[in-house]
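The values are calculated or read from the model by the stated rules, or taken from the named source; none is laboratory data. All figures in this text were calculated on a predicted structure; none of them were measured in a lab. Note that we place each Cβ from the backbone using ideal geometry, even for glycine, and neighbour counts take in every protein chain shown. Accessible surface areas use protein heavy atoms only, side chains included; no ligands, DNA or RNA. Shrake-Rupley method; radii C 1.70, N 1.55, O 1.52, S 1.80 Å.
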2 protein chains.
Amino acid sequence: KARKDPTYSNRGMTLEEDLNETNEFYLLNNIAVIHKKPTPVQIVEVNYPKRSAAVIKEAYFKQASTTDYNGVYKGKYIDFEAKETKNSTSFPLQNFHEHQIQHMEKVIQQDGICFVILRFSSTEEMFLLEAKQLLSYWERMKVGGRKSITKEELLSTAHPISLGFRPRIDYIKKIDCLYNL
Amino acid sequence: KARKDPTYSNRGMTLEEDLNETNEFYLLNNIAVIHKKPTPVQIVEVNYPKRSAAVIKEAYFKQASTTDYNGVYKGKYIDFEAKETKNSTSFPLQNFHEHQIQHMEKVIQQDGICFVILRFSSTEEMFLLEAKQLLSYWERMKVGGRKSITKEELLSTAHPISLGFRPRIDYIKKIDCLYNL
Ligand SMILES: [Mg+2]
Ligand SMILES: [Mg+2]
């Protein structure tokens, strides 16, 4: 079901690079408008040299309060996070932060379309897992259950995505089918 | 129509501060999930000191490729930009960048709800102007017409928003009415 597509391989590209390329393809072809949010940074000191651009001299990475990607497809709000693992048999839940989980709950409550894209880097297998499913695995962990999602669980509760040429990761096609858009 | 509300004043708060407070109110009360995007920064050098957080030592501000605010309300994609002017009779179009205009066109094409919130800081008057209207003023400028939107034009083509207590700037209420959500 989630077999590896023999035709394409990710040529060492990260999941983020593949998604950026995909989103650019969607944008250029008027399929969807999805952007990765900038990395949140706490700026402490800025220099303003004469005749040249302002230079940030001291800043720190901040914890993001949302997921990384959002945008619009056919009027609907689209929101997702993407994560890779080097594990081969299960996907660790520690890849997600409490903030992101809370954000997903809020988005679902507001009827947004929310999901995660999970990649096993060793096999290049990819899954689209709807946020409501992720939340149930998160809940299971919170009450003392396992701290990961097994490959078998993904095969039965998530949707496989195979790597393509253009776009690289056609998640919008999956969403279109799943939500009858 | 766009009279100044005598009860509240913005106590020197910037439009951005008022909107952050508003979005926080919406989030806490499960009304909408809208966030300001982080400022995009090009990171050049990072130090990783032992036993303490990574420090960004050199970085530059990048031009944003989208508007500043987006999120979800009743399943719909919401996208906007907010701008203030010290002018009192017209709103200068130079406050917007070509990238932002192009982004707004893309969002409209994808059926997203897109608008700008304009504030005249001297009188505290505020307007919600739909992006499709802004685009027509932008187009007029591009073909040699005026480089601003007059107050009269705003009074007839935009929607006044008065300053409130909680939330400070209830733009979602306007959107709810305008789009019958
Ligand atoms: Mg992330
Ligand atoms: Mg801005």
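With the structure loaded, tell me whether B:LEU118 is touching a residue at least 60 places away in the same chain (Cβ under 8 Å) and within 14 Å of ligand 2 (Cβ to nearest atom) or whether it fails that test.
Details: touching a residue at least 60 places away in the same chain (Cβ under 8 Å): no; within 14 Å of ligand 2 (Cβ to nearest atom): yes.
For B:LEU118, the condition - touching a residue at least 60 places away in the same chain (Cβ under 8 Å) and within 14 Å of ligand 2 (Cβ to nearest atom) - is not met.
Can you pull out every residue in region B:92-114 that is of a type in the set (D, E, K, R) and either under 15 Å from the mean Cα position of the chain (by Cα) or crowded, with 18+ Cβ neighbours inside 10 Å (or both)? Outline the logic, then answer.
We begin by selecting, within region B:92-114, every residue of a type in the set (D, E, K, R); these are B:98, B:105-106, B:111.
Selection gives B:LYS106 alone.
What pairs come out if I take residues in region A:88-113 that are on the phi > 0 side of the Ramachandran plot and facing another protein chain (nearest Cβ under 10 Å) and pair them with residues that are open to solvent by 60 Å² or more (accessible area, probe 1.4 Å) and part of a loop (DSSP other than H, G, I, E, B) whose C-beta lies under 9 Å away, six or more apart or interchain?
Cβ pairs passing all conditions: A:ASP111/B:LYS74.
Residues that are polar (S, T, N, Q): which helices (runs of 4 or more DSSP H) entirely in region B:101-181 hold 1 or more of them?
The helices (runs of 4 or more DSSP H) meeting that bar are B:131-142, B:151-157.
State which residue is nearest to B:ASN23 (Cα to Cα) when the search covers only region B:67-81 and only residues that are open to solvent by 10 Å² or more (accessible area, probe 1.4 Å) and facing another protein chain (nearest Cβ under 7 Å).
Looking only at region B:67-81, we keep the residues that are open to solvent by 10 Å² or more (accessible area, probe 1.4 Å), and these are B:68, B:73-74, B:76.
Okay, now just the ones that are also facing another protein chain (nearest Cβ under 7 Å), so B:73-74, B:76.
Working: B:TYR73: 12, B:LYS74: 15, B:LYS76: 16 Å.
Out of the qualifying residues, it is B:TYR73.
Is there any pair with a first residue in region A:130-148 that is over 12 Å from A:VAL107 (Cβ atoms) and a second that is among the acidic types (Asp, Glu) whose Cβ atoms are under 8 Å apart and which are 6 or more apart or on different chains, and what are they?
Filtered contacts from region A:130-148: A:TYR137/A:GLU153.
Pick out the one residue from A:LYS62, A:LYS50 that is within 12 Å of chain B (Cβ to nearest Cβ) and away from ligand 2 (no atom under 16 Å from the Cβ). Break it down into steps so the answer makes sense when it comes.
Details: A:LYS50 fails: within 12 Å of chain B (Cβ to nearest Cβ).
That would be A:LYS62, the only listed residue that is within 12 Å of chain B (Cβ to nearest Cβ) and away from ligand 2 (no atom under 16 Å from the Cβ).
Test each condition in (1) surrounded by fewer than 18 Cβ atoms within 10 Å (Cβ to Cβ); (2) under 22 Å from B:MET126 (Cα atoms) for B:ASN23 and report the one that comes out false.
Exception for B:ASN23: condition (1).
Yes or no: A:LEU118 more than 14 Å from chain B (Cβ to nearest Cβ), crowded, with 21+ Cβ neighbours inside 10 Å and out of contact with any Gly (no Cβ under 6 Å at 6 or more places or on another chain)? Walk me through it before giving the result.
Values: more than 14 Å from chain B (Cβ to nearest Cβ): yes; crowded, with 21+ Cβ neighbours inside 10 Å: yes; out of contact with any Gly (no Cβ under 6 Å at 6 or more places or on another chain): yes.
Taking the combined requirement at face value, the residue satisfies it.
Name the one entry in A:GLU16, A:GLU84 that is touching a residue at least 40 places away in the same chain (Cβ under 8 Å), within 13 Å of ligand 1 (Cβ to nearest atom) and open to solvent by 80 Å² or more (accessible area, probe 1.4 Å).
None of the others qualify; the one that does is A:GLU16.
In region A:43-58, is there at least one residue being within 20 Å of the chain's Cα centre (by Cα) and open to solvent by 30 Å² or more (accessible area, probe 1.4 Å)? Give the derivation first.
Within region A:43-58, the first condition is being within 20 Å of the chain's Cα centre (by Cα), and the residues that meet it are none.
Looking for residues that are within 20 Å of the chain's Cα centre (by Cα) and open to solvent by 30 Å² or more (accessible area, probe 1.4 Å), one finds none in region A:43-58, hence no.
Name every residue in region B:26-41 that is open to solvent by 60 Å² or more (accessible area, probe 1.4 Å) and either at positive phi or modelled with pLDDT under 95 (or both), in order of residue number.
Residues satisfying the conditions are B:ASN30, B:THR39.
Answer yes or no: is there a residue in region A:44-65 that is within 18 Å of B:VAL33 (Cβ to Cβ), outside any strand (DSSP E or B) and at pLDDT 95 or above.
no
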